[in-house]
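*Asks:* Input: one structure, supplied below.
The values are calculated or read from the model by the stated rules, or taken from the named source; none is laboratory data. These numbers were taken from a predicted model, which means no experiment stands behind them. Neighbour counts run over all protein chains shown; Cβ positions are idealised from the backbone, glycine included. Quick note on the areas: whole protein, heavy atoms, side chains included, nothing else; ligands and nucleic acids left out. Shrake-Rupley method; radii C 1.70, N 1.55, O 1.52, S 1.80 Å.
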Amino acid sequence: MTGDKRAVIVICDSLRRDLVGPADTPFLVELAGRATQFAAHRSVFPSTTRASSASIATGCLPARHGLYGNTQALDEGEGLVCRNAGAPDFRDQMRRATGRTLRVPTLAERLRWHGEAAIVCSNVSPGAAYFQDPDGHGYVYHSAGSYGPGLQPIDDPASAGLKKGAAGDKAMTERFCADIVAGRAPALAVMWLSEPDYTGHHSPLGSPQHRAAIAAADACVRQVFEIVRRLDPSGEDILFITGSDHGMETVSEAIDVTGLLVAAGIKEGPESRDIVVAPQGTSATIFFSEAARDRVTATAEFLGRENWAGRVVAGAALAQVGLPDDGALRVAVAMATDDRVNPHGVRGYGPIVFNPDDSESKVGFGQHGGLGAHEQSPFLFADGGGFGPRVETRATSLIDIAPTVLRHLRMDHDDMDGEALALSA
Ligand SMILES: [Zn+2]
């Protein structure tokens, strides 16, 4: 790696590509005039923040990195049980159950020999923050606990007080700009904003509250970009990337997939460990104990007959959606979405999978996790490092970000699922 090359990434959680426009995101519209804009950018499946975070960090699909969504069934010795990957101790549960966290190296691990190589500031769930660097090769700052190399806890008052929402994002951005991008100047600096995801889950998409959250995120991106280009006006050294992890759809209803499988006689009971449904917002991953594997086909056939189910994949077909086909995860279902317009003019509705750990009604608000057109339409811009004004219309994915960063840092990047994004001619 050459010394002056650096990369700065800012993620606006959940910002849909079609909601980037002059009224709410004046900065991103301005950026489109000088940066490369990726017009066919996609999320991964499940399109949840934690799986997306691991895919951005590793350049690999969930099938290879091993984090299959926001929730995941683990066998901790007494059969399968669904765990919340957003919890601060999930990575420890995963390590105990499977012997490790992610199965492929993150950017932080690849950069670990470069001093203060990778620094992450995140205002989303602890799980999504920690899966940027679950084994502690660089620094992760988060309100639930900050860690340095070797997973050494760091007392970081600037992060301890952060709350999700625009005010917390703003405070994090100020600290990120001054202390990290300008001060410590690591090879890779990542900042992950909670907006507009946080407000999108608690208000209708396109509502005044949601639009204000989008505008607040846009202002944070502007602030980081300005410091980046003040440090490197030519754009030769600092690659600036901003994007989102997924979009959102409006929730039409909640479907109790576990209850339906029990009622159909496929799963033994609501809490049984034979078949475990892991809710992923607008999709579910379904895990089977060894003894229940003869019910995989019946489960997929049952789901295929339900009108709320969109794409159902089982067995070897899981590879087509980037999931493994060799473990307890045997079936996945993405909810059926449609293109109706909500009261604020935003397209796209879909049901969610009822989550017993999060039973507050989400109907009419935003959600994601599946394969719907809008939840699968995150935005992405790249500026500097050879990216000039251009619209890339070829399909790109979250997994293309990590190899792009490594190429800029003059490091090997050919062992990832993603490919480095095409530079401007
Ligand atoms: Zn997200």
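*Asks:* Pairwise over distinct Cα atoms, reciprocal of the mean inverse distance: report the Kirkwood radius of the stretch 366-425 in Å, one decimal place.
*Replies:* After inverting the pairwise mean of 1/r, the radius is 13.0 Å.
*Asks:* OK, next. Going through the stretch 331-403, which GluC sites (Glu not before Pro) have at most 15 other Cβ atoms within 10 Å and a DSSP loop state?
*Replies:* Hits after loop and neighbour filter: Glu360.
*Asks:* Using a 7 Å offset from Cα along Cα-Cβ at Leu151, what residues in the stretch 123-137 end up with backbone N under 17 Å from the label point?
*Replies:* 126-137
*Asks:* Quantify, in whole percent, the carbon and sulfur part of the accessible surface of the stretch 220-339 (1.4 Å probe; protein heavy atoms only).
*Replies:* 46
*Asks:* Between Arg96 and Thr393, what is the spin-label point distance in nm, taking each point 7 Å from the Cα along the Cα→C-beta axis?
*Replies:* 5.3
*Asks:* Note down the relative contact order for the stretch 188-251 as a percent, whole number, built from C-alpha pairs under 8 angstrom at least six residues apart.
*Replies:* 27
*Asks:* When the dipole is taken about the Cα centre of the chain, and only Lys, Arg (+1) and Asp, Glu (-1) are charged at their Cβ, what size is it in debye, to the nearest 20?
*Replies:* 540
*Asks:* Under a 10 Å cutoff between Cα atoms, tell me which one of Ala319, Ala263, Ala291 has the largest fluctuation in the Gaussian network model of the chain.
*Replies:* Judging by the Gaussian network model, the answer is Ala291.
*Asks:* Please compute, for the alpha-carbon atoms of the stretch 317-425, the extent along each of the three principal axes and give them in descending order in Å.
*Replies:* 47, 42, 24
*Asks:* Also, quick follow-up: Which of Ala128, Ala373, Ala395 moves most in a GNM of the chain, Cα contacts under 10 Å?
*Replies:* Of Ala128, Ala373, Ala395, the most mobile in the Gaussian network model is Ala395.
*Asks:* So with the 1.4 Å probe, I'd like the accessible area per residue for the chain, rounded to whole Å².
*Replies:* 37
*Asks:* Taking H placed 1.01 Å from N in the peptide plane, check which residues at least 5 places from Gly310 or on another chain put their amide H under 5 Å from its amide H.
*Replies:* Ala334, Met335, Ala336
*Asks:* While we're on this one: Give the value in nm², to one decimal: projected area of the alpha carbon convex hull of the stretch 67-159, averaged over all directions.
*Replies:* Taking the Cα atoms of the stretch 67-159, their convex hull projects to 5.9 nm² on average.
*Asks:* From zero up to wherever the largest Cα-Cα distance of the chain sits, split into 20 Å bins and tell me the percent of pairs in each.
*Replies:* Values per bin, smallest distances first: 29, 59, 13, 0.
*Asks:* Using alpha-carbon pairs under 8 Å, 6+ residues apart, how would you state the relative contact order of the stretch 150-262 in percent?
*Replies:* Answer for the stretch 150-262 is 24 percent.
*Asks:* Then there is this: Quick one, could you list the DSSP H helices from the chain stretching 20 Å or more along their long axis (Cα atoms) with average Kyte-Doolittle hydropathy of -0.5 or above?
*Replies:* Helices meeting the span and hydropathy rule in the chain are 208-231.
*Asks:* As a check on your grasp of the helix formula, calculate [θ] at 222 nm for the chain: sum -39500 (n - 2.57) over DSSP H runs of n ≥ 4, divide by the residue count, round to the nearest 500.
*Replies:* Mean residue ellipticity at 222 nm (helix-derived): -6500 deg cm²/dmol.
*Asks:* Are there trypsin sites (Lys or Arg not before Pro) in the stretch 328-425 that DSSP puts in a loop and that have at most 14 other Cβ atoms within 10 Å, and which ones?
*Replies:* Arg394, Arg410
*Asks:* Same structure again: What distance in nm separates the simple spin-label points at Ala185 and Ala219, each placed 7 Å from Cα in the Cβ direction?
*Replies:* About 3.0 nm, to one decimal.
*Asks:* So if R0 is 60 Å, what FRET efficiency would Ser234 and Arg340 give, r being the distance between their Cβ atoms, rounded to the nearest 0.05?
*Replies:* 0.80
*Asks:* While we're on this one: Roughly how many debye, to the nearest 20, is the charge dipole of the stretch 52-125 about its Cα centre, given +1 on each Lys and Arg Cβ, -1 on each Asp and Glu Cβ, and no other charges?
*Replies:* Once rounded to the nearest 20, the dipole reads 260 debye.
*Asks:* If one computes the Cα centroid of the stretch 202-263 and of the stretch 367-415, what distance in Å separates the two points?
*Replies:* Rounded to whole Å, the Cα centres lie 15 Å apart.
*Asks:* Here is a follow-up. Take every Cα pair under 8 Å in the chain that's 6+ residues apart, average their separations, divide by the length, and report that relative contact order as a whole percent.
*Replies:* 28
*Asks:* What is the spin-label model distance, in nm, from Ala291 to Ala425 if the labels are put 7 Å beyond Cα along the C-beta direction?
*Replies:* My value for the distance between the label points is 6.4 nm.
*Asks:* In the structure displayed, which of Lys163/Lys267; Lys267/Lys362; Lys164/Lys267 lie more than 30 Å apart, Cα to Cα?
*Replies:* Over 30 Å Cα-Cα: Lys163/Lys267; Lys164/Lys267.
*Asks:* Of all the accessible heavy-atom surface of the stretch 31-163, with the other protein chains kept in place and a 1.4 Å probe, what percent is carbon and sulfur?
*Replies:* 48
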